[in-house]
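Structure first, then comments.
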Amino acid sequence: MRIWAAGLARHDRMFGAAGWQTDGMRVLLKLELDCTPSAAWRAVQSPAALGEIHGPLIRIEPLSALPTQWEPGRDAAIRYAVGPIRLGSHLIRIAHRDERDSSGRVRIFRDWGDALTGPLALLDAWDHQMAVSPSPRDESKTLWRERLVFTGAAAPLYWPALWLLWQWRAAHLKRLAPTWEYDPAVCG
């Protein structure tokens, strides 16, 4: 697992497309997960998996009904909480795109948006992207890359806490990923 706090050319090529946030404070993550890229991609698109990835540390509360799968072009309003403390609400937008690199297909999930209330509202921009591709070492595993970029006067103050959260998130992703390989049985 590697986490960087400054620019990385490979991430810039993957995530720096015109019009997407590239300036500001960054938290970068790169690790190999013990699941197929298809299983990781299903998890990335699932609001329920988002709750698992952040839980039990942070609870995600929908402010309106969430779909079973994130849909590009749709907005979702959520609230973050730690125990009984509400951290604020966030309106997120969703987009997907496909790229290719030396390992093959790279599927990129982007969520960005505006904090509406709470401490995150002190930030001007929030742009989070996750890239899923086959691991170059083992195609049955996933190369998982993330980039969080955030701007605003408070961004330097938030960076240490978000960097620590992403450290925890990476360890939690490694624990959760093997469970993503199995779809629940469909009852009919």
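The values are calculated or read from the model by the stated rules, or taken from the named source; none is laboratory data. Because the structure is predicted, anything quoted here is derived from the model rather than measured. Positions of Cβ are generated from backbone atoms using ideal geometry, with glycine treated the same way; all protein chains shown enter the neighbour counts. Side chains are part of the model used for accessible areas, which takes the heavy atoms of the whole protein and leaves out ligands, DNA and RNA. Shrake-Rupley method; radii C 1.70, N 1.55, O 1.52, S 1.80 Å.
Determine, yes or no, whether Asp138 is acidic (Asp, Glu) and either within 29 Å of Pro178 (Cα to Cα) or modelled with pLDDT of 90 or more (or both).
Values: acidic (Asp, Glu): yes; either within 29 Å of Pro178 (Cα to Cα) or modelled with pLDDT of 90 or more (or both): yes.
Yes: the conditions hold for Asp138.
Listed here are the residues, each with its yes/no results for (1) at pLDDT below 90; (2) touching a Phe, Trp or Tyr at 6+ places or on another chain (Cβ under 7 Å); (3) assigned to a helix (DSSP H, G or I); (4) open to solvent by 70 Å² or more (accessible area, probe 1.4 Å).
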{"residue": "Asp12", "(1), (2), (3), (4)": "yes, no, yes, no"}
{"residue": "Ala18", "(1), (2), (3), (4)": "yes, no, no, yes"}
{"residue": "Ala43", "(1), (2), (3), (4)": "no, yes, yes, no"}
{"residue": "Trp70", "(1), (2), (3), (4)": "no, no, no, no"}
- Do we find a residue being among the hydrophobic types (A, V, I, L, M, F, W, C) and not in a loop (DSSP other than H, G, I, E, B) anywhere in the range 111-118? yes
- Leu116 fails exactly one of the following numbered conditions: (1) open to solvent by 60 Å² or more (accessible area, probe 1.4 Å); (2) modelled with pLDDT of 95 or more; (3) not basic (Lys, Arg). What is the number of that condition? (2)
- Among (1) of a type in the set (Gly, Ala, Ser); (2) part of a helix (DSSP H, G or I); (3) open to solvent by 80 Å² or more (accessible area, probe 1.4 Å), Ala65 falls short only on (2)
- Item | Residue list for the range 126-150, filter: open to solvent by 20 Å² or more (accessible area, probe 1.4 Å) and either under 27 Å from Pro72 (Cβ atoms) or touching a helix residue (DSSP H, G or I) at 6+ places or on another chain (Cβ under 7 Å) (or both) | Trp126, Pro134, Glu139, Lys141
- Task: Identify the single condition in (1) part of a loop (DSSP other than H, G, I, E, B); (2) closer than 20 Å to Glu52 by Cβ that Trp144 does not satisfy, given that it satisfies every other one.
- Result: (1)
- Residue list for the range 136-150, filter: touching a Cys at 6+ places or on another chain (Cβ under 6 Å) and small (Gly, Ala, Ser): none
- Among (1) among the small types (Gly, Ala, Ser); (2) surrounded by fewer than 16 Cβ atoms within 10 Å (Cβ to Cβ); (3) within 17 Å of the chain's Cα centre (by Cα), where does Ala153 come up short? (3)
- Message: If Leu123 meets every condition in (1) open to solvent by 30 Å² or more (accessible area, probe 1.4 Å); (2) over 15 Å from the mean Cα position of the chain (by Cα) apart from one, which number is that one?
- Response: (1)
- Just one of the numbered conditions (1) among the small types (Gly, Ala, Ser); (2) assigned to a helix (DSSP H, G or I); (3) over 15 Å from the mean Cα position of the chain (by Cα) is not true of Ala81; which one? (2)
